[in-house]
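*Asks:* The structure that follows is given in the form of C-alpha cells.
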Amino acid sequence: MSWFTEDRLQTVVWACIALALAVLLYVLAPVLAPFALAAMLAFLLLPGVDWIAARRLGKFAIPRWVGALAMILLLALLALGLLLILIPILQREGAALQAQFPLLFTKLNANVAPALREWFGINVQFNGQTLRDLLSENLGAGDVISNLLVHIRSGGAAVLGVIGLLVLVPVVLFYVLLDWHELRPRLASVIPLRWQTVVTGMLNEIDTLLAQFLRGQLTVMFILAVYYSAALAVAGFQTALPIGILTGLLIFIPYVGFAIGLLLALLAAALQFSSWNGLIAVAIIYGAGQALESFVLTPRLVGERIGLHPLAVIFALLAFGQIFGFLGVLLALPASAALLVGLKRLKSAYLASAFYNAPEP
C-alpha cells in the first residue's frame, strides 16, 4: 500500500497551511493587535448598536452607522471621564505620599536596617540618595530620570505608534460594528459545505462564550472598584479612590492586576500608617476581595471560569504578551477562551479518529 494516499496528502497540506498561518500571525502580530482589541470592544458595544439601529425617528429608521458612532463616542467619553477623575486625584495623592517618604525612611532605618545588619551583616542607612543608588544599580543606569528622558526622546516612534493605535482602533471598531451581522455569513460562504455545520457551531459557541465573559467581567470590574474604594476609605486610606478604582480595572488582567493593586495598597499603608494597622487592613480587604471575586462574582456574573488551569492562564499571559506586547496581556484571557473552544473540538475529533482508535498491529 502506498504511503501517499489522498487522506495523508490532505493532512500534510493542511498541516503546512496551519504552520504558514501561525508564522504569518507571528509576523503580523503588531498589525493584528488593534483589530483584536477592536473585536473585543465590539462584543461590549454591539447590544447598544443593535438597540439604536432598531429605533425609529418618526417614519425614518436610524441608520446603523449612527448607532456605531454613538456607542464609540459614549465609550470615549467614559474613558475620558475616568481619566479626568483619576489623574487629578493621583497627582494630589502622589504629592501627599511623596511628603511622607521621610517617615518611610525613618521606619526602614528603625526596623529593617537593624535586621539587615544583624542577619546579613549589611550596614545600610535608608534615605533618598540610597534609594536612587539602589535604583541606579539595579536598572544599570546613572540617573533614572535622565535615562527616562533619553528613552522618551529616542522613543518617538513608539509615541507615534501609540497615537496611531488610538486612531486605528476606533476606525476598525466602527467598521466591525457596522458590518458585524454581515461578516459571519461572508465567512460561512467560504467554508466547505461538509464543514459548515461544525464550524458555524464552533463560531456560535465562541460568540456566546466571549459575550458572556466580556460583559460579565466588566460588571465584576465595576463592583470590585466600588468595593475596594469603599473598603479602603472606611479603613482610613487617603488614596482609597484611585487605588480602589485601579485595582478594580486591573482585575481584567488575571493575577497581575490584583498583584499591582495589592502592592499599591501596601505602599500606601506603609507611607500613611505608623503601626501595623494599615498592613493588616490591606490584608483583610484584599483577602476578602479576592474571595468575593473568586467564589461569588465571577461564578455568578461571568459563569464558570473559561476552563483554563491557572498554569495555562499564566502561560497565556506570557505568550500573548510576548507576541502582542501589552495589548496581548489584555487580550490573553478572551483569546484563550476562543482558542479553548477550538481545542475542545479538535480533541473530540482526535478521540473519534481512526488514528486514535486503531488497534495495535
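The values are calculated or read from the model by the stated rules, or taken from the named source; none is laboratory data. The model shown is predicted, which means the values in this text are computed figures rather than measured ones. Counting neighbours? That spans all protein chains shown, and the Cβs are built from the backbone with ideal geometry, glycine included.
*Asks:* Tally the residues that are farther than 26 Å from Gly328 by Cβ and surrounded by fewer than 19 Cβ atoms within 10 Å (Cβ to Cβ), restricting the search to segment 247-271.
*Replies:* Initially, segment 247-271 is screened for residues farther than 26 Å from Gly328 by Cβ, giving 265-271.
Next cut, surrounded by fewer than 19 Cβ atoms within 10 Å (Cβ to Cβ) only: 266-267, 270.
Residues that pass the stated criteria total 3.
*Asks:* Can you pull out the residues in segment 298-312 that are farther than 19 Å from Ala22 by Cβ, at pLDDT 70 or above and hydrophobic (A, V, I, L, M, F, W, C)? Quick ask: steps written out before the conclusion?
*Replies:* Step one: of segment 298-312, the residues farther than 19 Å from Ala22 by Cβ are 298-311.
Going one step further and asking which of them are at pLDDT 70 or above, we end up with 298-301, 311.
Matches in segment 298-312: Leu301, Leu311.
*Asks:* Another one. I'd like the full set of residues that are touching a strand residue (DSSP E or B) at 6+ places or on another chain (Cβ under 9 Å) and surrounded by 12 or more Cβ atoms within 10 Å (Cβ to Cβ), limited to segment 51-74. Even if it seems obvious, please write down each step before you answer.
*Replies:* From segment 51-74, those touching a strand residue (DSSP E or B) at 6+ places or on another chain (Cβ under 9 Å) are 53-55, 62; that's our starting set.
Listed by number, the residues that qualify are Ala53, Ile62.
*Asks:* Count, please, the residues in segment 221-236 that happen to be closer than 20 Å to Ala42 by Cβ and in contact with a helix residue (DSSP H, G or I) (Cβ under 6 Å, 6 or more places away or on another chain).
*Replies:* Of segment 221-236, the ones closer than 20 Å to Ala42 by Cβ are 221-222.
Right, trim to in contact with a helix residue (DSSP H, G or I) (Cβ under 6 Å, 6 or more places away or on another chain) and you get 221.
Of the residues in that region, 1 qualify.
*Asks:* So is Pro185 outside any loop (DSSP other than H, G, I, E, B) and surrounded by fewer than 16 Cβ atoms within 10 Å (Cβ to Cβ) or not?
*Replies:* Working: outside any loop (DSSP other than H, G, I, E, B): yes; surrounded by fewer than 16 Cβ atoms within 10 Å (Cβ to Cβ): yes.
The answer is yes for Pro185.
Here's the yes/no breakdown for (1) in the same structural domain as Gly244 (by TED's automatic domain parsing); (2) out of contact with any Gly (no Cβ under 8 Å at 6 or more places or on another chain); (3) assigned to a helix (DSSP H, G or I); (4) modelled with pLDDT under 75:
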residue: Ser2; (1), (2), (3), (4): no, yes, no, yes
residue: Gln10; (1), (2), (3), (4): no, yes, yes, yes
residue: Leu41; (1), (2), (3), (4): no, yes, yes, no
residue: Ile52; (1), (2), (3), (4): no, no, yes, no
residue: Met71; (1), (2), (3), (4): no, no, yes, no
residue: Leu75; (1), (2), (3), (4): no, yes, yes, no
residue: Gly81; (1), (2), (3), (4): no, yes, yes, no
residue: Gly94; (1), (2), (3), (4): no, yes, yes, yes
residue: Phe105; (1), (2), (3), (4): no, no, yes, yes
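*Asks:* Continuing with this model, one more query. (1) over 17 Å from Gln217 (Cα atoms); (2) crowded, with 17+ Cβ neighbours inside 10 Å: which one isn't true of Gly244, the others all being true?
*Replies:* (1)
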